[in-house]
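Student: First, the structure itself, so that you have it in front of you.
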Amino acid sequence: EAEVAQSPRYKITEKSQAVAFWCDPISGHATLYWYRQILGQGPELLVQFQDESVVDDSQLPKDRFSAERLKGVDSTLKIQPAELGDSAMYLCASSSERGRANTGELFFGEGSRLTVL
Amino acid sequence: DAKTTQPPSMDCAEGRAANLPCNHSTISGNEYVYWYRQIHSQGPQYIIHGLKNNETNEMASLIITEDRKSSTLILPHATLRDTAVYYCIVRVEAGANNLFFGTGTRLTVIP
(Lines give C-alpha, C1' and ligand atoms only; values in the text may rest on other atoms or scores of the structure.)
Protein backbone atom coordinates (compact mmCIF):
# COMPACT_ATOMS: atom_id res chain seq x y z
CA GLU A 1 0.00 0.00 0.00
CA ALA A 2 1.35 3.44 -0.93
CA GLU A 3 2.51 5.57 1.97
CA VAL A 4 3.61 9.11 2.69
CA ALA A 5 7.34 9.06 3.40
CA GLN A 6 8.96 11.47 5.82
CA SER A 7 12.52 11.96 7.01
CA PRO A 8 14.20 12.22 9.36
CA ARG A 9 12.07 10.32 11.84
CA TYR A 10 13.79 12.04 14.77
CA LYS A 11 15.88 15.20 14.93
CA ILE A 12 17.63 16.77 17.89
CA THR A 13 19.10 20.21 17.40
CA GLU A 14 20.25 23.19 19.40
CA LYS A 15 18.36 26.45 19.33
CA SER A 16 19.43 28.87 16.60
CA GLN A 17 20.41 25.99 14.30
CA ALA A 18 18.72 25.25 11.00
CA VAL A 19 16.65 22.11 10.49
CA ALA A 20 14.89 20.65 7.48
CA PHE A 21 12.24 17.99 7.01
CA TRP A 22 11.41 16.14 3.82
CA CYS A 23 8.16 14.62 2.64
CA ASP A 24 7.34 12.42 -0.34
CA PRO A 25 3.57 12.16 -0.79
CA ILE A 26 1.64 9.29 -2.32
CA SER A 27 2.24 9.25 -6.06
CA GLY A 28 -0.28 11.32 -7.93
CA HIS A 29 -1.59 13.20 -4.93
CA ALA A 30 -1.97 16.84 -5.85
CA THR A 31 -2.46 18.27 -2.37
CA LEU A 32 0.22 18.23 0.29
CA TYR A 33 -0.06 19.47 3.87
CA TRP A 34 2.44 20.16 6.63
CA TYR A 35 1.04 19.98 10.16
CA ARG A 36 2.69 20.64 13.51
CA GLN A 37 1.61 18.69 16.57
CA ILE A 38 2.68 19.80 20.02
CA LEU A 39 2.60 17.09 22.68
CA GLY A 40 -0.93 16.61 24.02
CA GLN A 41 -2.61 18.62 21.28
CA GLY A 42 -4.11 17.85 17.91
CA PRO A 43 -2.24 18.57 14.67
CA GLU A 44 -2.39 22.16 13.39
CA LEU A 45 -1.93 23.13 9.76
CA LEU A 46 1.21 25.04 8.85
CA VAL A 47 1.00 25.07 5.06
CA GLN A 48 -1.04 23.51 2.26
CA PHE A 49 0.10 23.04 -1.34
CA GLN A 50 -1.94 22.33 -4.43
CA ASP A 51 0.62 20.98 -6.88
CA GLU A 52 3.52 23.44 -6.55
CA SER A 53 1.41 26.39 -5.38
CA VAL A 54 0.78 27.43 -1.80
CA VAL A 55 -2.95 27.38 -1.03
CA ASP A 56 -2.79 28.32 2.65
CA ASP A 57 0.21 29.39 4.70
CA SER A 58 -1.62 31.70 7.07
CA GLN A 59 -0.42 29.77 10.15
CA LEU A 60 3.19 29.41 9.01
CA PRO A 61 5.60 31.58 11.06
CA LYS A 62 7.24 33.05 8.02
CA ASP A 63 10.03 34.78 9.89
CA ARG A 64 11.63 31.41 10.56
CA PHE A 65 9.69 28.74 8.66
CA SER A 66 9.71 28.12 4.93
CA ALA A 67 8.22 25.41 2.78
CA GLU A 68 8.56 24.52 -0.85
CA ARG A 69 7.26 21.98 -3.32
CA LEU A 70 9.18 23.00 -6.40
CA LYS A 71 8.07 20.32 -8.86
CA GLY A 72 4.73 19.61 -7.28
CA VAL A 73 5.88 16.28 -5.90
CA ASP A 74 8.06 16.10 -2.78
CA SER A 75 8.31 18.94 -0.29
CA THR A 76 10.73 20.40 2.23
CA LEU A 77 9.90 22.28 5.43
CA LYS A 78 12.72 24.34 6.89
CA ILE A 79 13.14 26.10 10.22
CA GLN A 80 15.89 28.68 10.67
CA PRO A 81 16.71 29.48 13.38
CA ALA A 82 15.08 26.82 15.54
CA GLU A 83 13.64 27.91 18.89
CA LEU A 84 12.82 25.88 21.99
CA GLY A 85 9.10 26.24 21.28
CA ASP A 86 9.49 24.51 17.93
CA SER A 87 9.86 21.13 19.64
CA ALA A 88 7.00 19.12 18.18
CA MET A 89 6.02 16.42 15.71
CA TYR A 90 5.96 17.64 12.13
CA LEU A 91 3.47 15.68 10.07
CA CYS A 92 3.12 15.58 6.31
CA ALA A 93 -0.11 14.50 4.66
CA SER A 94 -1.31 14.20 1.10
CA SER A 95 -4.62 13.77 -0.65
CA SER A 96 -5.86 13.33 -4.14
CA GLU A 97 -8.40 16.08 -3.67
CA ARG A 98 -8.50 18.76 -6.29
CA GLY A 99 -11.24 21.31 -5.99
CA ARG A 100 -14.59 19.59 -5.71
CA ALA A 101 -13.25 16.13 -6.52
CA ASN A 102 -12.26 15.05 -3.04
CA THR A 103 -13.43 12.85 -0.20
CA GLY A 104 -11.65 14.66 2.60
CA GLU A 105 -9.39 11.69 3.26
CA LEU A 106 -5.86 12.72 4.10
CA PHE A 107 -3.02 10.21 4.22
CA PHE A 108 -0.43 11.01 6.86
CA GLY A 109 3.19 10.04 7.19
CA GLU A 110 4.67 8.85 10.48
CA GLY A 111 6.02 12.32 11.20
CA SER A 112 9.35 13.87 12.14
CA ARG A 113 9.84 14.48 15.84
CA LEU A 114 11.93 17.58 16.54
CA THR A 115 13.58 18.30 19.87
CA VAL A 116 15.23 21.71 20.27
CA LEU A 117 17.71 21.97 23.14
CA ASP B 1 -15.88 24.83 9.66
CA ALA B 2 -17.99 24.07 12.72
CA LYS B 3 -16.22 23.10 15.93
CA THR B 4 -16.68 19.82 17.79
CA THR B 5 -16.76 18.77 21.43
CA GLN B 6 -15.49 15.38 22.59
CA PRO B 7 -14.84 13.84 26.01
CA PRO B 8 -11.12 13.90 26.77
CA SER B 9 -10.87 10.21 27.62
CA MET B 10 -12.79 6.93 27.67
CA ASP B 11 -12.09 3.31 28.60
CA CYS B 12 -13.49 0.23 26.92
CA ALA B 13 -13.12 -3.47 27.71
CA GLU B 14 -11.47 -5.57 25.03
CA GLY B 15 -14.05 -7.28 22.83
CA ARG B 16 -16.83 -4.87 23.74
CA ALA B 17 -18.20 -2.11 21.55
CA ALA B 18 -16.58 1.30 21.95
CA ASN B 19 -18.99 4.19 21.48
CA LEU B 20 -17.28 7.55 21.07
CA PRO B 21 -19.57 10.60 21.15
CA CYS B 22 -19.10 13.94 19.42
CA ASN B 23 -21.14 17.13 19.61
CA HIS B 24 -21.23 19.49 16.62
CA SER B 25 -24.24 21.67 17.36
CA THR B 26 -23.24 24.43 14.90
CA ILE B 27 -22.77 22.14 11.91
CA SER B 28 -23.94 23.54 8.59
CA GLY B 29 -26.02 21.72 6.02
CA ASN B 30 -23.07 21.15 3.69
CA GLU B 31 -20.58 20.01 6.34
CA TYR B 32 -19.56 16.40 6.71
CA VAL B 33 -18.52 14.62 9.90
CA TYR B 34 -15.11 12.96 9.69
CA TRP B 35 -13.38 10.67 12.16
CA TYR B 36 -9.65 10.09 12.33
CA ARG B 37 -7.57 8.29 14.91
CA GLN B 38 -3.94 8.59 15.96
CA ILE B 39 -2.13 5.68 17.50
CA HIS B 40 0.81 6.66 19.67
CA SER B 41 3.81 7.97 17.69
CA GLN B 42 2.05 7.58 14.34
CA GLY B 43 0.30 9.99 11.99
CA PRO B 44 -3.50 10.27 12.05
CA GLN B 45 -5.46 7.66 10.13
CA TYR B 46 -8.78 8.22 8.37
CA ILE B 47 -11.63 6.07 9.72
CA ILE B 48 -14.95 7.13 8.23
CA HIS B 49 -17.07 10.11 7.24
CA GLY B 50 -20.73 10.91 6.61
CA LEU B 51 -23.23 13.67 5.90
CA LYS B 52 -26.57 12.65 7.39
CA ASN B 53 -27.01 8.94 6.84
CA ASN B 54 -25.39 6.34 9.00
CA GLU B 55 -22.24 4.88 7.49
CA THR B 56 -20.37 1.64 8.01
CA ASN B 57 -17.06 0.36 6.72
CA GLU B 58 -14.60 -2.33 7.70
CA MET B 59 -13.25 -0.26 10.57
CA ALA B 60 -16.27 1.33 12.22
CA SER B 61 -19.84 2.62 12.07
CA LEU B 62 -20.86 6.26 12.19
CA ILE B 63 -24.25 7.18 13.61
CA ILE B 64 -25.40 10.76 13.00
CA THR B 65 -28.48 12.08 14.80
CA GLU B 66 -31.39 13.29 12.71
CA ASP B 67 -30.74 16.93 13.62
CA ARG B 68 -27.03 16.34 12.81
CA LYS B 69 -25.95 18.07 16.00
CA SER B 70 -24.13 15.03 17.32
CA SER B 71 -22.67 11.74 16.18
CA THR B 72 -21.23 8.53 17.57
CA LEU B 73 -18.36 6.47 16.26
CA ILE B 74 -18.78 2.79 17.04
CA LEU B 75 -15.95 0.27 17.07
CA PRO B 76 -17.98 -2.94 17.29
CA HIS B 77 -15.39 -5.21 18.91
CA ALA B 78 -12.57 -3.14 20.39
CA THR B 79 -9.09 -4.63 20.47
CA LEU B 80 -5.95 -3.46 22.24
CA ARG B 81 -4.75 -2.05 18.91
CA ASP B 82 -7.69 0.35 18.91
CA THR B 83 -6.13 2.27 21.82
CA ALA B 84 -5.60 5.72 20.29
CA VAL B 85 -6.76 9.33 20.23
CA TYR B 86 -9.93 9.68 18.16
CA TYR B 87 -10.68 12.99 16.44
CA CYS B 88 -14.13 14.10 15.31
CA ILE B 89 -13.95 16.80 12.63
CA VAL B 90 -16.56 18.64 10.60
CA ARG B 91 -15.61 19.87 7.19
CA VAL B 92 -17.08 21.02 3.93
CA GLU B 93 -16.24 18.14 1.58
CA ALA B 94 -15.97 20.08 -1.66
CA GLY B 95 -13.15 22.47 -1.05
CA ALA B 96 -9.53 22.86 -0.11
CA ASN B 97 -10.07 23.36 3.60
CA ASN B 98 -7.75 21.64 5.97
CA LEU B 99 -8.88 19.52 8.90
CA PHE B 100 -9.23 21.14 12.34
CA PHE B 101 -8.32 18.34 14.74
CA GLY B 102 -9.03 19.66 18.23
CA THR B 103 -7.79 17.54 21.15
CA GLY B 104 -9.91 14.41 20.53
CA THR B 105 -10.85 11.53 22.84
CA ARG B 106 -8.17 9.25 24.19
CA LEU B 107 -9.64 5.73 24.06
CA THR B 108 -7.96 3.09 26.18
CA VAL B 109 -8.94 -0.52 25.52
CA ILE B 110 -8.48 -2.57 28.67
CA PRO B 111 -7.63 -6.30 28.53
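The values are calculated or read from the model by the stated rules, or taken from the named source; none is laboratory data. It should be emphasised that the depicted structure is a prediction, and the values quoted were computed from it without experimental measurement. All Cβ positions, glycine included, derive from the backbone under ideal geometry; neighbour counts span all protein chains shown.
Student: Consider B:Ile27 carefully, then state whether it is of a type in the set (Val, Ile, Thr) and not in a loop (DSSP other than H, G, I, E, B).
Tutor: When the stated conditions are applied, B:Ile27 does not pass them.
Okay, residues lined up against (1) at pLDDT 95 or above; (2) under 12 Å from A:Ser112 (Cβ atoms); (3) over 10 Å from the mean Cα position of the chain (by Cα); (4) surrounded by 19 or more Cβ atoms within 10 Å (Cβ to Cβ):
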residue	(1), (2), (3), (4)
A:Val4	yes, yes, yes, yes
A:Gly40	no, no, yes, no
A:Pro43	no, no, yes, yes
A:Val54	no, no, yes, no
A:Ser58	no, no, yes, no
A:Leu84	yes, no, yes, no
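Student: State which residue is nearest to A:Glu3 (Cα to Cα) when the search covers only segment B:44-54 and only residues that are surrounded by 18 or more Cβ atoms within 10 Å (Cβ to Cβ) and over 10 Å from the mean Cα position of the chain (by Cα).
Tutor: Among those that are surrounded by 18 or more Cβ atoms within 10 Å (Cβ to Cβ) and over 10 Å from the mean Cα position of the chain (by Cα), it is B:Pro44.
Student: To continue, here is another question. Might you let me know whether segment B:5-15 holds any residue that is modelled with pLDDT of 95 or more, surrounded by 15 or more Cβ atoms within 10 Å (Cβ to Cβ) and either of a type in the set (Ser, Thr, Tyr) or not in a loop (DSSP other than H, G, I, E, B) (or both)?
Tutor: yes
Student: Can I ask one more? Which pairs have Cβ atoms under 8 Å, sit 6 or more apart or on different chains, and link a residue in segment A:31-52 that is farther than 14 Å from B:Pro44 by Cβ and within 10 Å of chain B (Cβ to nearest Cβ) to one that is part of a strand (DSSP E or B) and acidic (Asp, Glu)?
Tutor: Cβ pairs passing all conditions: A:Val47/A:Asp56; A:Gln48/A:Asp56.
Student: May I ask you to verify whether B:Leu20 is in contact with a Phe, Trp or Tyr (Cβ under 8 Å, 6 or more places away or on another chain), away from every other protein chain (no Cβ under 13 Å) and modelled with pLDDT of 95 or more?
Tutor: Judged against the criteria, B:Leu20 is a match.
Student: Looking at the structure I just gave you, is B:Thr103 touching a residue at least 12 places away in the same chain (Cβ under 8 Å), within 12 Å of another protein chain (Cβ to nearest Cβ), within 25 Å of A:Gly111 (Cβ to Cβ) and of a type in the set (Val, Ile, Thr)?
Tutor: Judged against the criteria, B:Thr103 is a match.
Student: Taking A:Ala88 as the residue in question, decide whether it is buried (at least 17 other Cβ atoms within 10 Å of the Cβ), more than 22 Å from B:Ile47 (Cα to Cα), under 10 Å from the mean Cα position of the chain (by Cα) and among the small types (Gly, Ala, Ser).
Tutor: Considered against the rule, which asks whether it is buried (at least 17 other Cβ atoms within 10 Å of the Cβ), more than 22 Å from B:Ile47 (Cα to Cα), under 10 Å from the mean Cα position of the chain (by Cα) and among the small types (Gly, Ala, Ser), A:Ala88 comes out as no.
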